[in-house]
Amino acid sequence: MKRAVDNFELLAKTLFPNGKEAAEGEFYFVQVLVRGKDGNNVNGNNKNRLVRYYVVRSAEKLLEIKPEVELLCTMHNARAYIHPTPRSDKDVAAIMLQQAVKEFTEGNYHMFRRLYSTAAGQSFVTDKKIFIVDLDPEQLNAETDGKCTALDAIKMALIICRGKAGEGNEKVIAEVPTKSGLHLLCTPFDVGQFEHLLGSVQPYGIPAPDVHKNNPTVLFCWKEDDQ
């Protein structure tokens, strides 16, 4: 039996605190993707196919698109993602112009329809960057000494390592459920130090998780109950 991984409310509150809109000229980029990893027949190098994208500038808009996104995910066996680092209209336009010249010069006129989604996926507002710590079941279920969970140990390593911290020195701004694990949305930190700190507690046997610096997190998908 399937159930939903639904992070709309969580991410609306996280990305738009107190109901605020995105800053002038900025937005959050949402994609509905059909993925080869989900058993779909998808061609191309990255084994993903874009079904639709959305430009979101407010919590109201994010929640407004939920019914349509859920329907698309159901119809296409797709997943919806949102980039937690905001995008800039100006930067996206600049990347599009550069890429347009390249594609036109090379005669790839069919590529023009993809320019916006490609540019929005690449660009980000540097001073508002969000890292994603990608935790799979192996990391979440790693054995500890019983005094704390593996997740607690990972969070402690994030607090200790250098980097921009929020209130109370916490770097984790949200815990986002994924299809089989958890994404920790974090303010930037020293990734090398983070991995070293986890390695120093090897009696716990916690494998170092992947850290993504410009990746999306899960907004909506379906999962089997045993996943």
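So the values come out like this:
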{"quantity": "Residues of type lysines that LYS47 reaches as a straight line, Cα spacing below 27 Å, ignoring anything fewer than 8 places off in the same chain", "calculated": "LYS2, LYS37, LYS66, LYS102, LYS129, LYS179, LYS213, LYS223"}
{"quantity": "Hz values of 3J(HN,Hα) by residue in the range 84-89 - Karplus curve (6.51, -1.76, 1.60), Gly and Pro given as x", "calculated": "x, 8, x, 9, 10, 3"}
{"quantity": "Amide H contacts of SER58 (H built 1.01 Å from N, under 5 Å, at least 5 apart or other chain)", "calculated": "ALA22"}
{"quantity": "Volume per residue of the C-alpha convex hull in the chain, rounded to whole Å³", "calculated": "149 Å³"}
{"quantity": "Linear extension gain, HIS196 paired with ARG52, 0.36 nm per residue minus alpha-carbon span", "calculated": "47.9 nm"}
{"quantity": "Cα→Cβ-extended label distance, 7 Å offset, between LYS179 and ILE160, nm", "calculated": "3.4 nm"}
{"quantity": "Cα-based shape type of the range 19-92, given that a ≥ b ≥ c are square roots of the gyration tensor eigenvalues and the cut on a/c is 1.5", "calculated": "oblate"}
{"quantity": "Dipole moment magnitude, nearest 20 debye, the range 128-215 about Cα centre, only Lys, Arg, Asp, Glu C-beta charged", "calculated": "420 debye"}
{"quantity": "Listed residue pairs exceeding 20 Å between alpha carbons, taken from LYS13/LYS128; LYS61/LYS155; LYS90/LYS171", "calculated": "LYS61/LYS155; LYS90/LYS171"}
{"quantity": "Spin-label zone in the range 206-227 - amide nitrogen under 19 Å from a point set 7 Å from the Cα of LEU71 along the C-beta vector", "calculated": "220-222"}
{"quantity": "Label point distance in nm, LEU63-LYS129, each placed 7 Å from Cα along Cα→Cβ", "calculated": "3.2 nm"}
{"quantity": "Long-range amide H partners of ARG52 with built H, under 5 Å", "calculated": "VAL32"}
{"quantity": "Normalised contact order of the chain, rounded percent, pairs of Cα under 8 Å and 6 or more residues apart", "calculated": "27 percent"}
{"quantity": "Table column - 3J(HN,Hα) (Hz), the range 101-114, Karplus curve with 6.51, -1.76, 1.60, x for Gly and Pro", "calculated": "4, 4, 5, 5, 4, 8, x, 8, 5, 5, 7, 4, 5, 9"}
{"quantity": "Cα-Cα P(r), the range 128-215, percent of pairs per 5 Å interval", "calculated": "3, 15, 28, 27, 19, 7, 1, 0"}
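Every number here is computed from the coordinates shown, using simple stated rules; none is lab data. These numbers were taken from a predicted model, which means no experiment stands behind them. Cβ sites come from the backbone with ideal geometry, for glycine too, and all protein chains shown count toward neighbours.
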